[in-house]
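One structure is given below, encoded as structure tokens.
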Amino acid sequence: MAKIGKTLLKLDNVTMKFGGVTALNGVNLEVKEGEILALIGPNGAGKTTVFNVITGVYKQTSGVVDFDGISLGDQKRYQVTALGVARTFQNIRLWGDMTALENVITATDVHKKSGLVGALFGFPRARREEEENREKAMEILRFIGIDEYSDRLAKNLPYGVQRRLEIARALGTSPKLVLLDEPAAGFNPAEKVELAATIKRVRDAGYTVLLIEHDMSLIMGISDRVVVLDFGTKIADDIPSVVQNDPRVIEAYLGVPADAS
Amino acid sequence: MFEVLIDQFWSLTLAGISLGFIYVLVSLGYTMVYGVLRMINFANSEIFMWGTFGTIITSRDIFGYTQTSAPATGGKLALVLISQLIMSMAVAGLTAIFVEYVAYRRLRAKGTNRLATLISAIGISIVLSELMRLLTDSRPVGSPRVLEKIILTEVWGANIRLDTIVTIFAAALIYFLLERFVQLSRMGKAIRAVSMNEDAAKLMGVNLNRVITTTFLVGGLATGAAAFFYITVFEYSKFNIGFTMGMAAFTAAVLGGIGNIRGAFYGGLFLGLLEVYASAVLGTQWKAVTVFIVLVLVLLFKPNGLFGEAVQTTRA
Amino acid sequence: MKIRNYWNLRDFGANLWENAGRPVRVAIVLGSILLVGLLPFMGGSILATPIAAFDAVLVYPVGMFVLMSLGLNIVVGKSGMLDLGYVAFFAIGAYTMAYLGTTTNLNTWEIMPIGIALAMIAGVLLGIPTLRLRGDYLAIVTLGFGEIVRLILLNSTWSKGPNGIANIPMPPDLGPLKFELKNQRVFFWVVMAMILLTIWMIRRLTVRRPGRAWEAIRQDEDAAELMGIHTLKYKIWSFTLGAAVGGAAGVLFASKNLYIAPEMFTLNVSILILACVVFGGIGNIWGVVIGAAILGYLPDRIRFISDARLLAFGLVLVVVMNFRPDGLLPRKKREKAIVKREANA
Ligand SMILES: Nc1ncnc2c1ncn2[C@@H]1O[C@H](COP(=O)(O)OP(=O)(O)OP(=O)(O)O)[C@@H](O)[C@H]1O
Ligand SMILES: [Mg+2]
């Protein structure tokens with residue numbers, strides 16, 4: 001198991017309101033370097049909203065999101081990614097008319113220096129970066145185990161491969177922290193086991209993972225810590241075995257008939 | 001620079017209000033369709049233009065008025081005006097349904113991207129305006145005067161003219177009726193349900209195609225009524241008058257918060273007044289420029305309009 | 001993987017290209033350039049146009065339409081933004097040529113960069129505030145912008161208002177090549193060179209980072225931004241490059257027409273160019289070239305269409321979007337060939 005280090009991401013008393021709906025209510029959350037932190041909670045608890053606030057899709061109503069000493073609230077969305085936070089989407093949002101490889105290459109572009117002029121005149125640096133990115137993207141596909149699909153258009157890929165390509169694309173941006181939004185949604189048990197192994201490998205390769213997932217057994221197997229949200233409020237934050245037996249959690253989450261996915 | 005504005009303030013205000021009501025009605029054509037489709041009804045400007053010809057044809061070809069005949073009075077006047085209004089609304093309403101059917105429906109069923117629909121709608125508006133250009137030989141067409149522009153009285157140095165008064169009151173009435181229709185009727189409720197949440201409305205058993213067609217129809221009727229008032233005030237039409245009107249009415253809709261029917265009311269009146277005052281100060285040739293600048297400023301700083309609700313939410 | 005069994009023009013061309021070795025490719029390119037370059041000598045053939053001289057038709061509308069369509073395609077096709085005010089950049093280029101050409105002794109080639117620069121500046125100025133707007137709002141704002149530029153030209157004294165500017169100088173000779181109005185083949189060759197340059201530029205950019213960014217923005221802008229793409233910057237670039245091509249076309253147009261007036265720069269021009277892009281196949285360079293050439297040429301060849309040219313183009317927009325949204329040559333790439341083709345580009 002990788003060594004768990006200093007705090008990488010910290011949400012301090014974050015509240016997010018949509019009109020009358022309070023999606024997040026004073027949430028405190030810490031993600032430590034090198035860990036897999038699972039974020040769980042019933043449907044509509046505000047899990048995806050946490051991701052949306054971190055990545056700048058929404059600006060929190062109040063509170064602070066701090067990443068590696070930088071307040072993310074002041075950053076543009078693309079800057080958040082450049083700082084080292086990447087995400088996947090609950091409802092897959094790949095670029096369907098690009099190939100799998102191109103999807104990842106496009107993500108690797110974040111850290112490229114050469115711009116439009118370099119591309120136009122084929123400066124050596126631009127050429128070299130093109131080559132490097134292609135190599136790197138291919139390596140990531142191999143790492144996630146979907147390299148055989150590299151030349152297929154994303155929209156024609158099987159569902160499970162699309163989900164994994166989402167992860168590959170996120171890794172393409174060389175993040176420190178990866179946010180995975182229900183990466184196993186719609187998977188059968190065998191696929192889930194495989195995905196759990198993949199997520200572990202991602203962490204062991206040095207990425208920090210914040211994972212939203214409904215499947216308890218998957219979470220219990222791989223996460224170092226579990227945070228439970230209910231109606232926008234954090235009701236538990238501990239190691240899996242403790243959370244699993246927390247009566248509030250059982251009432252809020254497990255007591256409610258969990259959805260089949 | 002401001003003398004004209006100060007000298008003629010009240011008559012300008014009156015002109016601004018009557019122009020404003022025309023904008024209110026045309027902007028309904030944008031705002032209602034936007035409400036249900038989340039898409040601009042690009043052809044609304046041409047629906048308006050076709051409506052103006054409905055008005056002209058009624059007085060000229062059905063009732064046989066010419067540029068030299070005497071304006072009508074009494075019962076005949078009411079008959080001609082009402083026929084013109086009905087004809088104008090009918091032509092515009094049918095054109096609107098045609099636009100929906102030809103440019104939007106198929107693409108909606110296929111669920112293709114918005115760019116395709118947008119281009120298709122632009123195509124149909126070009127077709128509509130070019131057809132009229134060919135039919136009228138690119139010439140402006142005058143409308144015989146039916147309603148005499150009598151000066152009723154003078155208040156604070158402003159002439160209160162009959163056509164202005166008719167426009168203001170009749171347009172306000174039509175706006176009111178349409179607004180009630182959307183608020184109270186079954187169909188109106190379905191329209192509002194769809195504009196709030198299309199999926200939920202579908203689950204509740206709303207027939208989406210019928211709602212959308214009706215929305216285009218109602219928007220077209222409002223736009224057609226505006227076309228009638230426009231002709232009563234300005235007395236001529238041309239194949240290309242839609243552009244300026246469309247730009248202004250769209251701006252009015254955005255000002256009021258597009259998708260919001262009450263917003264169209266405030267936005268229309270606001271823009272009507274602003275345009276009249278601005279032309280008095282800057283000269284009429286800069287009218288369109290003023291409108292455009294207003295549009296860009298509103299989109300940039302108050303994209304939800306001065307009176308409206310959110311339109312541009314993104315969800316990830 | 002779906003295998004299409006209908007005859008696909010795009011794939012046919014791509015196949016031909018991929019299966020050819022380097023010398024064959026060079027031969028194909030040079031051969032086609034030569035063939036197209038010889039077109040002005042075909043005035044006596046079946047291609048002849050009844051009213052205007054064939055070589056003049058080749059320059060305007062055909063060549064100019066192709067050039068402008070390629071420019072607009074960067075904006076509409078590559079990054080998916082609907083720009084309905086494209087004519088404004090054409091007008092800016094043309095008026096730069098007209099004004100500087102008649103008031104200074106700069107010649108066409110010296111004015112060209114100035115015209116391009118001014119068009120690009122206008123693109124940036126319009127782009128920075130408006131490119132944040134989503135699809136249909138952008139369409140309306142650009143539509144308004146095109147009209148505003150025309151109104152400014154119509155109501156300003158330096159532009160001589162509705163009278164327009166006359167006596168614009170022709171380009172100076174290029175060595176032995178003389179520009180003449182009777183025989184416009186040299187103009188045609190210049191337009192051709194500009195088209196080739198534009199194609200080179202687009203191809204370079206599309207297989208590299210900017211092209212990928214545009215493609216990502218077109219397909220899912222939110223996802224693009226969340227994957228670290230500075231979407232506004234790339235949108236402005238796309239808009240500005242489109243503007244540059246439009247401006248260049250405008251400079252040459254003024255210098256060929258010798259007289260320009262605001263009425264030549266109406267919304268209709270934007271629509272015509274949009275129709276060309278859509279007809280050939282949004283986003284596909286070769287589709288755009290062929291589509292624009294056909295739509296530029298046909299109305300001059302067939303009398304009937306030229307009276308109702310705009311009507312026909314409006315119909316093209318509706319029909320193509322509803323029944324063949326990909327146009328003549330679809331943009332969809334074939335899955336297998338991509339990596340190889342990119343490596344070669
Ligand atoms: N853009 C928005 N506008 C209004 N309400 C929103 C918006 N986004 C989220 N919400 C609301 O915030 C609450 C939390 O939503 P969120 O998507 O974060 O839930 P979740 O925990 O991810 O649920 P699920 O397990 O279904 O994905 C919900 O009530 C939702 O309706
Ligand atoms: Mg969620």
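The values are calculated or read from the model by the stated rules, or taken from the named source; none is laboratory data. Here the structure is a predicted model, which is why all the values come from computation and not from measurement. Neighbour counts are summed over all protein chains in view; Cβ atoms, including those assigned to glycine, are modelled from backbone coordinates with ideal geometry. Just the protein is used for accessible areas: all its heavy atoms, side chains included, with ligands, DNA and RNA removed. Shrake-Rupley method; radii C 1.70, N 1.55, O 1.52, S 1.80 Å.
For every residue, the table says whether it meets (1) among the hydroxyl-bearing types (Ser, Thr, Tyr); (2) within 12 Å of ligand 2 (Cβ to nearest atom); (3) farther than 18 Å from A:Val14 by Cβ.
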residue	(1), (2), (3)
A:Leu39	no, yes, no
A:Pro42	no, yes, yes
A:Asn52	no, yes, no
A:Ser71	yes, no, no
A:Asp74	no, no, no
A:Tyr78	yes, no, yes
A:Trp95	no, no, yes
A:Ile105	no, no, yes
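I'm trying to understand the selection: among the residues of segment C:302-345, which are part of a helix (DSSP H, G or I), at pLDDT below 80 and not aliphatic (A, V, I, L, M)? Scanning segment C:302-345 gives C:Arg303, C:Phe304, C:Ser306, C:Asp307, C:Lys340, C:Arg341, C:Glu342, C:Asn344.
Within the bounds of segment C:97-116, is there any residue that is within 14 Å of chain B (Cβ to nearest Cβ) and open to solvent by 60 Å² or more (accessible area, probe 1.4 Å)? Checked against the condition, which is being within 14 Å of chain B (Cβ to nearest Cβ) and open to solvent by 60 Å² or more (accessible area, probe 1.4 Å), segment C:97-116 yields no hits at all.
If you go through segment C:184-238 and keep only what is in a loop (DSSP other than H, G, I, E, B) and either at negative phi or more than 8 Å from chain A (Cβ to nearest Cβ) (or both), you end up with C:Gln184, C:Val207, C:Arg208, C:Asp220, C:Met227, C:Ile229, C:His230.
Contact annotation: residue pairs with Cβ atoms under 6 Å, 6 or more positions apart or on different chains, pairing a residue in segment B:44-60 that is free of Cβ contacts under 8 Å to residues at least 40 places away in the same chain with a partner that is in a helix (DSSP H, G or I), are B:Thr58/B:Ser83; B:Thr58/B:Gln84; B:Thr58/B:Met87. Here A:Val53 fulfils each of the conditions (1) more than 7 Å from chain C (Cβ to nearest Cβ); (2) touching a helix residue (DSSP H, G or I) at 6+ places or on another chain (Cβ under 8 Å) apart from (2).
Here is the figure for segment A:79-101: residues that are more than 7 Å from chain C (Cβ to nearest Cβ), assigned to a loop (DSSP other than H, G, I, E, B) and away from ligand 1 (no atom under 16 Å from the Cβ) total 2. When segment B:63-96 is filtered for residues that are of a type in the set (A, V, I, L, M) and not in a helix (DSSP H, G or I), the ones remaining, listed by number, are B:Ala70, B:Ala72. Residues in segment A:102-121 that are at the interface with another protein chain (Cβ under 7 Å from one of its Cβ atoms) and either out of contact with any helix residue (DSSP H, G or I) (no Cβ under 7 Å at 6 or more places or on another chain) or assigned to a helix (DSSP H, G or I) (or both): A:Glu102, A:Ile105, A:Thr106, A:Ala107, A:Asp109, A:Val110, A:Leu116, A:Ala119, A:Leu120. If the condition is being more than 30 Å from B:Ala15 (Cβ to Cβ) and touching a Leu at 6+ places or on another chain (Cβ under 9 Å), then segment B:122-150 contributes B:Ile122, B:Gly123, B:Ile124, B:Ile126, B:Val127, B:Glu130, B:Leu131, B:Leu134. Can you tell me which residue in segment A:24-76 is least open to solvent (accessible area, probe 1.4 Å), limited to those that are within 15 Å of ligand 1 (Cβ to nearest atom) and basic (Lys, Arg)? So, considering only residues that are within 15 Å of ligand 1 (Cβ to nearest atom) and basic (Lys, Arg), the one least open to solvent (accessible area, probe 1.4 Å) is A:Lys47.
For every residue, the table says whether it meets (1) modelled with pLDDT of 90 or more; (2) within 16 Å of ligand 2 (Cβ to nearest atom).
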{"position": "A:Gly19", "(1), (2)": "no, no"}
{"position": "A:Gly26", "(1), (2)": "yes, no"}
{"position": "A:Leu29", "(1), (2)": "yes, yes"}
{"position": "A:Thr49", "(1), (2)": "yes, yes"}
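Residues that are within 16 Å of ligand 2 (Cβ to nearest atom) and on the phi > 0 side of the Ramachandran plot within segment A:203-233 comprise A:Phe231, A:Gly232, listed in sequence order.
The number of residues in segment C:131-162 that are open to solvent by less than 50 Å² (accessible area, probe 1.4 Å) and within 7 Å of chain B (Cβ to nearest Cβ) comes to 11. If the condition is being touching a residue at least 60 places away in the same chain (Cβ under 8 Å) and surrounded by fewer than 22 Cβ atoms within 10 Å (Cβ to Cβ), then segment B:112-129 contributes only B:Arg114.
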